[in-house]
1. Beta carbons within 10 angstrom, averaged per residue: use that to sort the peptides A:521-534, B:427-440, highest first.
2. Report the one residue of A:Thr342, A:Leu407, A:Ser378 whose Cα lies farthest in the direction of the positive end of the charge dipole of the range A:325-407 (charges on C-beta: Lys and Arg +1, Asp and Glu -1; origin at the Cα centre).
3. What is the average number of partner chain Cβ atoms found within 10 Å of a Cβ in A:551-557?
4. If you average the sequence gap of Cα pairs under 8 Å that are 6 or more apart and divide by the length of the range B:452-513, what percent do you get for the contact order?
5. Mind checking A:374-386 for the average number of partner chain beta-carbons within 10 Å of each residue's beta-carbon?
6. What full-extension length gain, to one decimal in nm, is calculated for B:Asn264 and B:Gln79 as 0.36 nm per residue of separation minus the Cα-Cα distance?
7. Based on the Cβ-Cβ distance of B:Glu227 and B:Ala515, what FRET efficiency does E = 1/(1 + (r/R0)^6) give at R0 = 25 Å, to the nearest 0.05?
8. Quick one: check the C-alpha center-to-center distance for the range A:497-567 versus the range B:311-356, whole angstrom.
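The values are calculated or read from the model by the stated rules, or taken from the named source; none is laboratory data. Note that the coordinates shown come from a computational prediction; the quantities given were computed from them, not determined experimentally. All Cβ positions, even for glycine, are placed from backbone atoms using ideal geometry, and neighbour counts span all protein chains on display. Side chains included, ligands, DNA and RNA excluded: accessible areas come from the protein's heavy atoms. Shrake-Rupley method; radii C 1.70, N 1.55, O 1.52, S 1.80 Å.
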There are 2 protein chains.
Amino acid sequence: LHRALSGEVALLLHTIFMRSISVLGSDKQIAKWIPLAMQYQLIGSYAQTELGHGTYLQGLETTAVFDIATQEFILNTPQISAMKWWPGDMGRSATHTVVFAQLYVRGKCYGVHPFIVQIRSLWDHSLCPGITAGDIGPKMSFEHIDNGYLMLQNVRVSRENMLSKFCEVQPDGTYVRRGSQQINYLTMTAVRVALISHEAVIPLMKACTIAIRYSVVRRQSKLKPGEEEAKILDFQTQQEKLLPHLAAAYAFHFINNYLQDLFNRGYEEIQRENFNMLPELHAFSSGFKAIVTQYCASAVEVCLRACGGHGYSSLSGLPSLCTRILASCIYEGENTVLFLQTARFLIKCFIAASAGHPVPPSVTYLAAVKPGKCPAKSKFDFLSPDVYTQAYQHAAVRLISSTAAKLQALIQSGVKKHDAWNECTVQLVQAVKAHCHYITVKNFAETVERLETKGGIQQIMKHLCHLFALHGIFSNTGVFLHDGHISGAQMDMVTASYLDLLAVIRKDAVPLVDAFDFTDKTLNSALGSYDGQVYQRLYEWAQKSPTNTQMNPAYEKYLKPLLHKKLSKL
Amino acid sequence: LHRALSGEVALLLHTIFMRSISVLGSDKQIAKWIPLAMQYQLIGSYAQTELGHGTYLQGLETTAVFDIATQEFILNTPQISAMKWWPGDMGRSATHTVVFAQLYVRGKCYGVHPFIVQIRSLWDHSLCPGITAGDIGPKMSFEHIDNGYLMLQNVRVSRENMLSKFCEVQPDGTYVRRGSQQINYLTMTAVRVALISHEAVIPLMKACTIAIRYSVVRRQSKLKPGEEEAKILDFQTQQEKLLPHLAAAYAFHFINNYLQDLFNRGYEEIQRENFNMLPELHAFSSGFKAIVTQYCASAVEVCLRACGGHGYSSLSGLPSLCTRILASCIYEGENTVLFLQTARFLIKCFIAASAGHPVPPSVTYLAAVKPGKCPAKSKFDFLSPDVYTQAYQHAAVRLISSTAAKLQALIQSGVKKHDAWNECTVQLVQAVKAHCHYITVKNFAETVERLETKGGIQQIMKHLCHLFALHGIFSNTGVFLHDGHISGAQMDMVTASYLDLLAVIRKDAVPLVDAFDFTDKTLNSALGSYDGQVYQRLYEWAQKSPTNTQMNPAYEKYLKPLLHKKLSKL
């Protein structure tokens, strides 16, 4: 029961329901609702997305009209595209949900606000009056998860049900705002930071563990004539598929710590009603949510494919990791939209920094536009955080400044601001990726520096940091070659150093995944178990398949008549 | 019945069984087995892959020992890793299969050969003596497909059951080979060419149709203040996600025609016992199978993600396209292994061409190593097949020649040949991709040239060809910048031309997918139907979900006691 109610399986949204109340509710609201939720006296959900509206919050169509006479809000779904669609646990389980709706008072729209709405009876679970709700049907990798739809017809909730830490409608209909309008984004910011680890980094760690363990068991083709077939992890191509992603798993683990710190500091400030850090917090959580989920989704897929056919077997544990992580690129903000939110922040900061105005410490580097060349003279020079961090910084500044220049030029040539922005978006996304990549490399290098007392581990982590950084350059050579910061000859040195590192890290690959310390049960993979008994386990698990305990149902129905009819003719 | 027996659903391997007999069997064998198979008097399968052995055919462990006394082959599975694993239709349906096994005559191993083996009774479908077989369990996106395992214990088949068009064991045990040893690869070559269209290009066309149609219905965010939310296909980022893949679908459709031609010519030659084209055929089918499936798999995933949350709904039709195509990167040859087979061919041809020896026409370009610079002076100059085809050719030659040089240098420095090869494999894969990319661009441009009588269509196809070519440069800038063939300033022109093309093709995007002419039924997608009634269809289809016709089973069991217990305490 505990697992069903609080684990991965179900009612995840209950937590988000509680978090949104904690963050957006008044002290009085927190005191009323949180204890009820904690004891499961109600089951919560979080209803933001609509059938026709996702990441663009302002576009939501659900309305909440304040009725001064009854001191209630009247909630409605004006048309089919306004139906709430996707909220977890809402289709079949939740009794309450936080509905985001356009607030109207005396005919004036005040934008999107959150309202606590009861949707099902606490006694018999029947739908409340005015509520239409159900399940939206099967989804990729979330086949059995309850995602719901919800329509509201003149559903009334009390004035106290609008979450009112930051804004409130007073009994006479006066609208009062406390703090920044962006505060509505705070729940999303918190969720985005939280999902980086759970939904992206940990799945990548699991996939690396399975694929690397399998790659030292599986043998294929001979490396040397006359010898036994080689372990596939001894092939350079297999190393190149898996080891950079192992390094990335560590890199993103550290960036997650960085973001948690940033969020905690920001949250403390907000508690003191100081909202200065909110734009930075929002920009960083958006950009890193996007880059980490995107990277991890494609890396997990590479791990699956690196296991050959057996990777596709559900018994490998990889298909579910793969399809599940793919969804993280969309939920809690579609990645392209998030990248562009970060882009807005970076362009603003770049313009401010260029004009000599103060900017948050994380982006002061934008003021330092240097046309310098990479000083490396041999492949060994690239095994230096100074050299590669500088290259990443240079690339990020170049991409942000050149896109800012294009944007300005378009506007000066008479193109309207929003059209100009649209014409720059492909390049803006590239610029944001370069920025996030730079911060990730820098943070990895600094984290490794701080490990200085632990010699052996620090050495291995240094190699991993080099690998992550050089893999990024090797995979995006154009970004660094474009203005000659790294020359073609230097790029050959990067390639040489990068390929050398693969062979170095190959030696520690198994201990590095063992260090993630997943149990066999957690991995649930015939390929990735600690003991390496891959083939035995595949055969044993396959025999348990229900398809092997019954006759093929198609035989009696189709095959037998067909085969017999022909036989009788012989 | 017909659909069940011959459609996508089942018994696909029956066709491959027949093809392998047609290609590898003697006239007598063809005359005996093909009519039986045609009339479904038996159900065939194709048993090559083993639990521990995939693409590396020589590594197969199953044995077939010739017993002169009885004129039979005795087939055995020597250990668990030698179990046949994955063959389609074998776990639950097939009565016969073509088993690939190491042939032994008088203790001497002659390598892998194909044998027709009966595995189930034609009368009651029970397993034959010495046969253990079953289903290998659920796989990603092929949950309900029968993939089987097979163990053989002293299974005897007649001497006539070894497929003997190209080699034969005579009654006295004399082994006779006719033609090249590579002939065993011919079935695989045929299968690889065939799957490019069915398993990769058509699914990509479907995914493009769904995503592009949805993108002109879905609106999100405002492009211009005060206006309605914009169609998402009017965002540059959305165009950049989808339109290059639409162009790629056409590019790969044309390359498929090119390969079919090559195969047909090669096959005619082989019928005349001329095996000269076999290496080229094998290299091209391997390389293109790998590059097309890899590209299409990632493009379909982009289409899914470009539909936001609704892309993940099974009702969109995209999840099944996405996971199914992913498997095509592994079956019929793991892509990296295939790339390296093509690499071997290209390196051989490069060395031959450099020495002035004749090479197949498709690779004569390798002899023409020119250090030339791209002549483009403005962004318009890049709208020329001559300019970009030349850039692709230059890049392919540079990558192949530099890797060949590295290989030679390693060997000259004393590294053993196989180690040197392994140390070059990451770069060899890049070189093969550049080669295939070049051939694809060149073939696209030439195909468009041949359309000259059809003015309007030719103009649109020209734009698509430009887009495909410039997208490839834009996405792999480093490959072209490395030695300065394209300069940084020229790359900015490529980017400008490329982004301009997106807006041009946006106008024709819907007709270009309508031209694929899929019916709504074939697409089976709530997002991609011709009439664009996305939201209505999603809601209607969702209501039919079985989860909406029954009470949540968890309610009675878990939720009700929980909610009631707490209520009673109040």
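1. Numbers: A:521-534: 18.9, B:427-440: 23.6.
Taking the mean over residues of other Cβ atoms within 10 Å, the ranking is B:427-440, A:521-534.
2. Comparing the listed Cα positions along the dipole, A:Ser378 ranks first.
3. Numbers: counts 3, 6, 1, 8, 5, 1, 2.
Counting other chains' Cβ atoms within 10 Å and averaging over A:551-557 gives 4.
4. Working: 26 pairs, mean separation 24.6, N = 62.
Relative contact order of the range B:452-513: 40 percent.
5. Values: counts 0, 0, 0, 0, 0, 0, 0, 0, 0, 0, 0, 0, 0.
Counting other chains' Cβ atoms within 10 Å and averaging over A:374-386 gives 0.
6. Working: separation 185, 0.36 × 185 = 66.60 nm, distance 3.99 nm.
Difference between extended and current length: 62.6 nm.
7. Working: r = 31 Å, r/R0 = 1.22.
Taking R0 as 25 Å, the efficiency between B:Glu227 and B:Ala515 is 0.25.
8. Spelled out, the Cα-based centre of one part sits 23 Å from the other.
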